[in-house]
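The values are calculated or read from the model by the stated rules, or taken from the named source; none is laboratory data. It should be emphasised that the depicted structure is a prediction, and the values quoted were computed from it without experimental measurement. Positions of Cβ are generated from backbone atoms using ideal geometry, with glycine treated the same way; all protein chains shown enter the neighbour counts.
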Amino acid sequence: MSDSAVKLRCLKSGELYSANTASFYSEHGGLFEVAIDFENVPSFEEFDQRLVSRAAIDRSGVWRFRELVLPIPENRMFCRGEGNTNLYEHEDLNQFALNARVQLKHEGENPTGSFKDRGMTTAISMAKHLGYKAVACASTGNTSASMASYARMAGLLPIVLIPDGKISSGKLSQALAYGALTLQVQGNFDDALSAVQKVCSEQGIYLMNSLNPYRIEGQKAILIEALQQRGWLVPDWIVLPGGNLGNTSAVGKALREMLELELIDKIPRIAVIQAAGANPFFKMLRDGDDQLVPMQPETFATAIRIGNPVSWGKASRIMQECRGVVLDLDEQQIAEAKWEIDRCGIGAEPASCCTLGGIRKLRELGHMQSGADVLGILTGHLLKDPDANLSVHTELESRKSSAPIKVSAEPQAILDMIHNHLNL
Ligand code: F0G
């Protein structure tokens with residue numbers, strides 16, 4: 001694979017730039033996306049053969065698809081076995097989703113517990129290649145945990161900006177454990193993102209938010225790997241949560257490229273699910289606006305507590321190409337979906353659970369047919385947000401509480417309690 005297969009394209013003018021351009025915007029003010037001159041793309045059979053290979057880049061669920069994801073020279077691919085996440089099915093999920101046929105791809109099974117690792121392996125590979133010594137991001141938590149880990153493993157200094165007091169303890173503790181310089185910014189995620197962009201451009205630090213087009217390339221592999229697990233069968237729908245909308249852009253780009261390469265012959269519909277307290281993209285599409293109106297975000301799904309998503313332009317294009325639907329869920333609906341996913345034994349952090357709640361709402365509103373084949377994406381691990389687990393499973397009034405019950409150490413007292421509870 002050669003350097004020349006990868007370029008950056010300005011989304012405003014369409015002009016091509018070198019892959020090594022450090023800025024994320026062209027001089028025309030347009031955001032860059034990666035433009036790949038696809039060569040020697042293996043057949044599905046050849047991709048499948050890599051599943052039994054012992055080579056690190058074949059075992060990675062991102063670099064296994066390197067010709068489609070980011071065809072840079074192999075010695076520049078920095079990986080730590082990301083991806084290879086499971087697809088789950090459960091009859092209770094189908095019932096909750098009012099008879100849609102649901103498969104959930106659990107991206108919380110990545111090395112640092114979220115889908116961010118897929119974009120991080122590609123963006124850190126570029127950071128090393130471009131000679132940066134430090135990388136930075138603003139984050140609601142998962143990007144910072146992932147970046148801190150990958151940066152340390154690659155020998156780079158991680159700097160993270162987080163919204164003051166609004167990130168879950170699981171994620172904050174990861175950034176601290178990996179030794180990121182962690183700055184709690186007085187403001188929300190959107191304020192932190194605007195600050196970190198300026199800091200990076202002035203200090204020669206590489207920005208790792210999804211404005212970085214190389215992040216998007218790695219995240220394409222969520223879709224590609226899911227198709228491989230499904231025997232390359234395209235689902236009817238893909239459903240995922242939307243915050244900054246980088247992931248929506250990534251899934252859509254992967255579909256567009258695979259269709260152009262005639263690897264697939266149809267495009268599924270996409271549904272993006274936001275929290276009602278952080279739903280600027282939902283409102284924009286509902287009202288038929290051509291500009292996004294930023295808002296003050298609030299939701300217990302802190303990962304998607306974002307009021308001014310940077311990738312709304314890219315995501316709008318995807319919505320048109322994929323006959324997309326954007327819905328929003330109130331806090332109760334997110335909590336109900338989380339209860340269900342957790343009780344199936346799968347478990348996920350709150351933002352992820354918008355996926356299942358969204359599928360149910362798509363059925364309720366008649367967008368989705370009964371029996372539809374749905375690929376849902378769970379974005380983060382259950383343990384990312386221990387406080388949310390405690391509150392949903394002990395305080396959700398509509399569901400049975402699983403709060404711990406005090407009992408004496410007498411075996412008979414314990415047996416009585418079990419009998420009472422399980423009606424044995
Ligand atoms: N789900 C989880 C668990 C997330 O952490 C995020 C984003 C999203 C969904 C939304 O993805 O932004 O691509 O639309 N988290 C970012 C972060 C913002 O900083 O960790 P998106």
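When region 75-108 is examined, which residues are found to be out of contact with any strand residue (DSSP E or B) (no Cβ under 9 Å at 6 or more places or on another chain) and under 30 Å from ILE205 (Cβ atoms)?
If the condition is that a residue be out of contact with any strand residue (DSSP E or B) (no Cβ under 9 Å at 6 or more places or on another chain) and under 30 Å from ILE205 (Cβ atoms), then ASN75, ARG76, MET77, PHE78, CYS79, ARG80, GLY81, GLU82, GLY83 are the ones that fit.
To keep it simple, each residue is scored yes or no on (1) buried (at least 23 other Cβ atoms within 10 Å of the Cβ); (2) of a type in the set (A, V, I, L, M); (3) within 16 Å of the ligand (Cβ to nearest atom); (4) part of a helix (DSSP H, G or I).
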position	(1), (2), (3), (4)
ARG118	yes, no, yes, yes
ALA123	yes, yes, yes, yes
TYR132	no, no, no, no
ALA145	yes, yes, yes, yes
ALA148	yes, yes, yes, yes
ARG152	no, no, no, yes
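Can you tell me which residue in region 188-214 is nearest to LYS314 (Cα to Cα), limited to those that are away from the ligand (no atom under 12 Å from the Cβ) and acidic (Asp, Glu)?
The residue in question is ASP191.
Out of all the residues in region 367-405, which are modelled with pLDDT of 95 or more, more than 16 Å from the ligand (Cβ to nearest atom) and either more than 29 Å from LEU356 (Cα to Cα) or part of a strand (DSSP E or B) (or both)?
ASP373, VAL374
Inside region 156-192, can you point out the residues that are within 14 Å of ALA136 (Cα to Cα), of a type outside the set (A, V, I, L, M, F, W, C) and outside any strand (DSSP E or B)?
The answer is TYR178, GLY179.
Residues of region 286-315 being within 12 Å of ALA351 (Cα to Cα) and within 10 Å of the ligand (Cβ to nearest atom), which ones?
ALA301, THR302, ALA303, ILE304, ARG305, ILE306, listed by residue number.
Please work out which residue is nearest to ASN389 (Cα to Cα), limiting yourself to region 339-366 and to residues that are away from the ligand (no atom under 16 Å from the Cβ) and of a type in the set (A, V, I, L, M).
LEU362
Filter region 232-251 for residues that are within 17 Å of PHE65 (Cβ to Cβ) and near the ligand (Cβ under 10 Å from one of its atoms) and give the result.
Within region 232-251, ASN247, ALA250, VAL251 meet the criteria.
Of all residues in region 1-20, count the ones that are surrounded by fewer than 16 Cβ atoms within 10 Å (Cβ to Cβ) and without any contact (Cβ under 8 Å) to a residue 24 or more places away in the chain.
Result for region 1-20: 7.
Within region 362-396, which residues are among the β-branched types (Val, Ile, Thr) and either under 21 Å from GLU91 (Cβ atoms) or in contact with a His (Cβ under 7 Å, 6 or more places away or on another chain) (or both)?
Residues satisfying the conditions are VAL374, ILE377.
Which members of region 316-338 meet the condition of being over 16 Å from THR379 (Cα atoms), in contact with a Cys (Cβ under 9 Å, 6 or more places away or on another chain) and either within 11 Å of the ligand (Cβ to nearest atom) or part of a helix (DSSP H, G or I) (or both)?
Result: GLN333, GLU336.
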